[in-house]
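Below you'll find the structure, written out as structure tokens, and then a few comments.
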Amino acid sequence: MTRRTMRMAGVVLAGMVIFLPLSSLVIWSFAEKWYWPHLFPQQTGLFYWAKVMQGDLLRALTDGFLIAIVVTVLTLVITIPLAYVLARLPVPFKPLILMIFLLPQAFPQLPVFVNSTTLLYQVNLGGKLGGVVLIHMVGALVFAVWTMTAVFKSVPEALEEAAINLGASRFKAFYSVSLPLATPGIIASTLLVFLYSLDEFTGTLLVGSPFVLTLPVYMYRTSVGYELQVASISALMLMVPGIVLLVLLERYMKSEYLSMFGRI
Amino acid sequence: MRLSHRLACLVIALPPLAIVVWLFFIPFLSSAYLSLLREDQWSLRNYYLVWRLYRYDILYTLWIAFFSLVAVLVIAVFLCGYLRIHINRPVEFLFKIPLFIPFVVVGHAMRVLLAPKGTLNAALSQIGLVNMNDPPSIAFGWIGIAVCLIWKNLALAVLLVLGSYRSVDETFLEAARNFGASTFQQIKDILLPMSKASLAVAGAFMFTSMLASFSVPLMIGSGEPPQMVMIDVFYRINYQMDYGTANALGVVSYLLAMGVAGYYLRTIQKGT
Amino acid sequence: MVEVRVENVRKMYGKVEALKGASLNFKSGAMTAILGPSGCGKTTLLRSIAGFIQIDEGRVLFGNDDVTELPPQHRGTAMVFQNYALWPHMTIFGNVSYGLRLQKVPEAEIRRRVLKVLELVEIGNLSDVETRKPAALSGGQQQRVALARALVVEPKVLLMDEPLSNLDAKVRQRLRAELRRLQKQVGITAIYVTHDQEEALALADTVVLMNQGQIIQTGTPQDIYLKPGTAFAAEFLGVSNQLEGEVADGKLTIAGQTVSYAGPVRGKAVVIMRASDIQIEDPAATPRPETMALTGILEESLFLGAHYRQYIRVGRIVVMADSADPRPTGAVRLVLPSEKVQVYGQP
């Protein structure tokens, strides 16, 4: 076998491993009648696509996006200063702070979120958008603090010292030197936070149910309720933002950022 | 640092810290507290119930996580070796896709694919490999869960392992190739031993995430025992409102996660 | 022992032509140094011989065998790398024995051969080579182990890619001498890539000078140094002054001063004068025959350890001249024998 055929065989094999599970979703989303054991549906069409556009799915979609936007903005606003300070200054108790931001990655989330839900109900945020935003922020913060601290660390301190040396204040140096240089990393991290919130399932299910509905929870309900067409359409919609991001950012994304995604 | 600086740091750190402490650290600690309460009395009865009702589920969970981890690592070690030595960008790109597909979607996709009357059985029955009156069920069992976990985590493993293989300088491989080392030997003798520490870290990361998997078994689990631990916690809360036992089970899952982390941390220290 | 021949070897990297048709014989049992500035294609040539690079055109022959299509492991070469490339997770013994293990040599013979070659490269204490990892050794010792690893498989050709460049000056000089001794003792065909002209001259039986993907000149170290064929060769092989001049009517004009010239070059020319060949005289002294002389102002004299380097302004240009003693600043005459003045036509 020549090199080229080996390569092609590799691509075909990998393509099958990746796309085989996903292809059934596509087929199901267009299936109007599909009886076992036929390989393809007897009747295909856009019937279910039209149907979902009127129902709960639309609400789940808009609520999900709203939550994701709020989570992203709030997370950014409170993370950037912290990440900068952690990257540059001798903050007291730095190891402890970093460890607290590692906990949600290191331990199973579900049993913890069970108790978080109780706490949120105590302050009357359970089953509300605000509660879901907060529970999303727990995961989003962990993710954002670690990636952005790394981003700021990668900006050479000497560049900033040069600005301070020329008479800039620390804030001015941050604003005019570090922030612009860190922008690409911050953008990557921001997009990933957004995607994290959009895809979050466990916290939303516990805190939001049954009042707040996002796409993953909606998909779960329809899937276990055997509305397979509706679930498959939701699943495809859930995949779109991620795939778009992957195609756009593949070349620029550092593997540390990507690896955070193994958990959603 | 001056006092005003310390204050500024505090103000900056407070909001994010407050959220994580309030909604993760405190609930995490209260798991331990609540697990020791039964009808408002100090008691170990919750742990007794965990032992009586869920010991096989814990083993079941460990088995699935262990099996999936070994499968993922073995595949990743050789796949990445191949990708490191013979560059194949399209394959590399394809294996990044699962990273961006959330677990719930993976669960649903595998449910559609692997269910008794799913797409895979339909395809196999066309060529007579499957008896269509009694189709096998890969979903709704441990293999279905393992397939989902392997599929999703393989992307992560490829990312991490390939990254660490790439940091092995080309000359180390050339020196071996010069002596006639095959692709397999280059992986076994050079790449793998030189990346042991990163592999241990990736392994620890994936194992805890597999132990804690919730949406996948929720989507493609059978609803009957044995169940994965997270499902037990969820059902215990949702259907029985039994916070004591649920939290005791939670604490057990934390201990498992900590044990794994500790074990791997030791391996890394030995490795360097 | 085998002669290595490359015939019209070409290699493109994208749009950059790294090798523009190199043809060369590497004598069997001799040490050949490929010398050139970075990016000249010398490493590409070496790696083409090793087989790590697929060449676009041309042939590589070991003796009468055409190895152009052979993968590296079937060529019988062994490579020594600039960064040593010793596998950090294996012991010294593990590193050296790896090639033999792949060849499935019996264990007892592996031991014998590894210990023998480690002795040959003078690694010192042999008792702990099975427990120590390469990181415990100094750079020089590591490169000895790397050399042992290459020699133990008894390759037909030993390839060395800047093997001494990562070492400090003292170690480098000592290993240079030992490398030469070892190569003569083993009698292996060796090809040595370096950008250090002193190293190439000291080590090699034959020096191959490369620039911009082409072979500029081949010859013994003495030939290359004393009779550089081009301005580039002269410039690369020593601290020299490279001056612009013009030849007309048997006269060479440099910076407005005219000297007699009987060579073949006409029109615009490049004049090379080694700093070490130039003598500095009082301008009032009587001119000597068979010399070329320029007058100028000595502006500065720097102590470089072994000698002084003087900077002399001649018209718009500055000429360097080395001497054993410092000279006071002021007007001087620069004198050098006519045969030491190298004049090249401008391309």
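Residue-level check: of (1) in contact with a Phe, Trp or Tyr (Cβ under 6 Å, 6 or more places away or on another chain); (2) open to solvent by less than 10 Å² (accessible area, probe 1.4 Å); (3) under 21 Å from A:Leu110 (Cβ atoms), A:Val207 misses just (1).
Number of residues in the range B:129-154 that are within 11 Å of chain A (Cβ to nearest Cβ) and more than 19 Å from the chain's Cα centre (by Cα) equals 5.
Pairs are defined by a Cβ separation below 6 Å, a sequence spacing of at least 6 or placement on different chains, a first member in the range C:57-75 that is away from chain B (no Cβ under 11 Å) and at positive phi, and a second member that is basic (Lys, Arg) and surrounded by 15 or more Cβ atoms within 10 Å (Cβ to Cβ); the pairs so defined are C:Gly58/C:Arg10. When the range C:194-210 is filtered for residues that are among the polar types (S, T, N, Q) and either open to solvent by 30 Å² or more (accessible area, probe 1.4 Å) or in a helix (DSSP H, G or I) (or both), only C:Gln197 remains. Residues that are free of Cβ contacts under 8 Å to residues at least 12 places away in the same chain, more than 30 Å from C:Pro71 (Cβ to Cβ) and more than 10 Å from chain A (Cβ to nearest Cβ) within the range B:189-234 comprise just one, B:Glu224.
Restricted to the range B:152-166, and to residues there that are of a type outside the set (Gly, Ala, Ser) and closer than 12 Å to B:Gly81 by Cβ, the residue that is surrounded by the fewest Cβ atoms within 10 Å (Cβ to Cβ) is B:Arg166. Pairs linking a residue in the range C:95-106 that is more than 10 Å from chain B (Cβ to nearest Cβ) to a residue that is surrounded by 18 or more Cβ atoms within 10 Å (Cβ to Cβ) and assigned to a helix (DSSP H, G or I), with Cβ atoms under 6 Å and 6 or more positions apart or on different chains, are C:Val96/C:Val114; C:Val96/C:Ala148; C:Val96/C:Arg149; C:Ser97/C:Ile110; C:Ser97/C:Val114.
Got at least one residue in the range C:62-72 being under 24 Å from the mean Cα position of the chain (by Cα) and assigned to a strand (DSSP E or B)? There is at least one residue in the range C:62-72 that is under 24 Å from the mean Cα position of the chain (by Cα) and assigned to a strand (DSSP E or B). Note on the range A:1-26: residues that are open to solvent by less than 70 Å² (accessible area, probe 1.4 Å) and at the interface with chain B (Cβ under 7 Å from one of its Cβ atoms) total 9. Only a single item in (1) buried (at least 16 other Cβ atoms within 10 Å of the Cβ); (2) within 30 Å of the chain's Cα centre (by Cα); (3) without any contact (Cβ under 8 Å) to a residue 12 or more places away in the chain is not met by A:Ala168, and it is number (2). Filtered by the rule that a residue be assigned to a helix (DSSP H, G or I) and either within 30 Å of A:Gln43 (Cα to Cα) or at the interface with another protein chain (Cβ under 9 Å from one of its Cβ atoms) (or both), the range A:184-202 gives A:Leu195, A:Leu198, A:Asp199, A:Thr202. A:Val212 passes every criterion in (1) part of a loop (DSSP other than H, G, I, E, B); (2) at the interface with another protein chain (Cβ under 9 Å from one of its Cβ atoms); (3) of a type in the set (Val, Ile, Thr) apart from (2). Among the residues making up the range B:125-143, a single one is hydroxyl-bearing (Ser, Thr, Tyr) and closer than 17 Å to B:Glu224 by Cα: B:Ser137. Elements of the type strands (runs of 3 or more DSSP E) sitting completely within the range C:279-322 and holding at least 3 residues that are open to solvent by 40 Å² or more (accessible area, probe 1.4 Å): these cover C:291-303, C:308-314. Checking each residue in the range C:284-310 for being modelled with pLDDT of 85 or more, over 27 Å from C:Leu237 (Cβ atoms) and of a type outside the set (A, V, I, L, M) picks out only C:Thr295. Figure legend. Inter-residue proximity from the range A:87-105: first residues within 10 Å of another protein chain (Cβ to nearest Cβ) and farther than 15 Å from B:Val20 by Cβ, second residues modelled with pLDDT under 85 and open to solvent by less than 80 Å² (accessible area, probe 1.4 Å), beta-carbon distance below 9 Å, spacing 6+ or different chains. Indicated pairs: A:Leu89/B:Cys9; A:Val91/B:Cys9; A:Pro92/B:Cys9. C:Met12 versus (1) closer than 30 Å to B:Met194 by Cβ; (2) among the hydrophobic types (A, V, I, L, M, F, W, C); (3) surrounded by fewer than 16 Cβ atoms within 10 Å (Cβ to Cβ): which is the lone unmet condition? With respect to (1) closer than 30 Å to B:Met194 by Cβ; (2) among the hydrophobic types (A, V, I, L, M, F, W, C); (3) surrounded by fewer than 16 Cβ atoms within 10 Å (Cβ to Cβ), C:Met12 is out only on (1).
Only one entry of C:Leu100, C:Leu45, C:Leu61 meets the criterion of being touching a Phe, Trp or Tyr at 6+ places or on another chain (Cβ under 9 Å), in the same structural domain as C:Pro221 (by TED's automatic domain parsing) and modelled with pLDDT of 90 or more, and that entry is C:Leu100. Scanning the range C:76-87 for residues that are facing chain B (nearest Cβ under 7 Å) and part of a loop (DSSP other than H, G, I, E, B) returns C:Phe81, C:Asn83, C:Ala85, C:Trp87. When the range A:30-52 is limited to residues that are facing chain B (nearest Cβ under 10 Å) and open to solvent by less than 80 Å² (accessible area, probe 1.4 Å), the one that is nearest to B:Pro90 (Cα to Cα) turns out to be A:Leu39. Each residue in the range A:118-140 was checked for being assigned to a helix (DSSP H, G or I) and open to solvent by 10 Å² or more (accessible area, probe 1.4 Å), and 8 pass. Taken as a whole, the range B:178-188 holds no residue that is within 10 Å of another protein chain (Cβ to nearest Cβ), open to solvent by 10 Å² or more (accessible area, probe 1.4 Å), touching a Phe, Trp or Tyr at 6+ places or on another chain (Cβ under 7 Å) and closer than 23 Å to B:Ile101 by Cα.
The values are calculated or read from the model by the stated rules, or taken from the named source; none is laboratory data. Just so it is clear, the structure is predicted and the values come from calculations on it, not from any experiment. Ideal geometry is used to build each Cβ from the backbone, glycine not excepted, and the neighbour counts take in all protein chains shown. Surface areas here come from the heavy atoms of the whole protein model, side chains and all, with no ligands, DNA or RNA. Shrake-Rupley method; radii C 1.70, N 1.55, O 1.52, S 1.80 Å.
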